[in-house]
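Take a look at the structure set out below.
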Amino acid sequence: MANRSPNERIAIVLKWAAAPMPSWGTAASGNYGGTSYGVLKGSEHADAAAEFITWLTTDKAGVEARLADLDSPSSALPADPEMREVAAAKFDTAYLNGQNLYALASQQVDTIVPDWTWGPNQMDVYTAIQDETAKSGFTRGIEAGQQKAESGIAERGLKLAQ
């Protein structure tokens with residue numbers, strides 16, 4: 001076991017895997033996270049920066065380079081289905097016991113709800129969940145998050161739908 005990567009050692013002990021989020025009725029998932037690339041107005045090398053971004057996100061070599069030399073590469077799902085295959089070939093699946101995370105995530109793309117809107121105090125909600133979970137456990141953490149969401153909305157003079 002000493003010759004195995006940290007991801008392989010964790011996978012052997014814990015048997016991790018990914019699965020779609022459960023749903024009742026119509027399958028629906030959220031789009032959490034993501035990466036955006038941009039070039040600032042007035043940048044000295046704007047054209048070169050835009051060309052680099054295009055290469056990084058749409059060229060096989062660019063996607064491979066993004067995943068190649070990192071101890072813990074991003075598992076971010078490329079928007080381009082062809083680039084998902086490239087990323088899947090480079091991604092270390094040991095942590096997930098060989099499971100193709102990109103294939104699973106690709107199956108969920110059509111279930112993303114496009115008009116989802118985060119609440120106005122979402123970061124405060126996350127903090128409340130984390131803080132209370134650390135002190136009192138997961139159930140109390142979720143309850144604290146619910147309370148923070150409701151109070152944050154009310155403090156802004158907004159009404160909660162019931």
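No value in this document is a laboratory result; all are computed from the given coordinates. Keep in mind the model is a prediction, meaning the values are calculated, not measured. Methodologically, a virtual Cβ is constructed for each residue, glycine included, from the backbone with ideal geometry; neighbour enumeration extends over all protein chains shown.
Highest GNM mean-square fluctuation, the chain, Cα pairs closer than 10 Å: which of S151, S29, S75?
S151
I'd like to know which of G152, G137, L104 lies farthest towards the positive end of the charge dipole of the chain, counting +1 on Cβ of Lys and Arg and -1 on Cβ of Asp and Glu.
Towards the positive end, the residue furthest out is G137.
Under the rule that an exposed site lies in a DSSP loop and has at most 13 other Cβ atoms within 10 Å, name the longest stretch of the chain with no trypsin sites (Lys or Arg not before Pro) of that kind, not counting the sites themselves. Walk me through the numbers on the way to the answer.
Values: sites that count: R4, K15, K41, R156, K159.
It works out to 42-155.
Tell me the label-point distance for the pair I153, A48, using the 7 Å Cα-to-Cβ offset, in nm and rounded to one decimal.
Inter-label distance under the simple model: 5.0 nm.
In what order do S43, S36 fall by count of nearby beta-carbon atoms within 10 Å, going from fewest to most?
Numbers: S43 12, S36 5.
Final ranking by Cβ density, sparse to dense: S36, S43.
So how do M123, M83 line up by other beta-carbon neighbours within 10 Å, fewest first?
Numbers: M123 11, M83 20.
Going from least to most buried by this count: M123, M83.
Counting only residues 5 or more places away or on other chains, whose amide H sits under 5 Å from the amide H of S29 once H atoms are built in the peptide plane?
I112, V113
Calculate, in nm to one decimal, what R140 and W16 gain on full extension: separation in residues at 0.36 nm each, minus their alpha carbon distance.
Numbers: separation 124, 0.36 × 124 = 44.64 nm, distance 2.53 nm.
Computed gain between R140 and W16 is 42.1 nm.
Please give the contour-minus-distance gain from N31 to Q122: 0.36 nm per residue of separation, less the Cα-Cα distance, rounded to one decimal in nm. Could the numbers behind the result be given before it?
Numbers: separation 91, 0.36 × 91 = 32.76 nm, distance 1.46 nm.
Computed gain between N31 and Q122 is 31.3 nm.
About the Cα centre of the chain, how large is the charge dipole given +1 on each Lys and Arg Cβ and -1 on each Asp and Glu Cβ? Please answer in debye to the nearest 20. Mind showing how you got there, number by number?
Numbers: 13 positive and 20 negative charges, 118 e Å.
Approximately 560 debye in magnitude.
Please say if the chain is rounded, prolate or oblate, where rounded means a/c under 1.5 for a ≥ b ≥ c the square roots of the C-alpha gyration tensor eigenvalues, and otherwise the choice is prolate for a/b larger than b/c and oblate otherwise? Please report the intermediate quantities before stating the final value.
Working: a/c = 1.90, a/b = 1.27, b/c = 1.49.
Because a/c hits 1.5 or more and a/b fails to exceed b/c, the chain counts as oblate.
Could you work out the helix-only [θ] at 222 nm for the chain, with each DSSP H run of four or more residues adding -39,500 (n - 2.57) and the total divided by the number of residues, to the nearest 500 deg cm²/dmol?
Working: 7 runs with 82 residues, N = 162.
That comes out to -15500 deg cm²/dmol.
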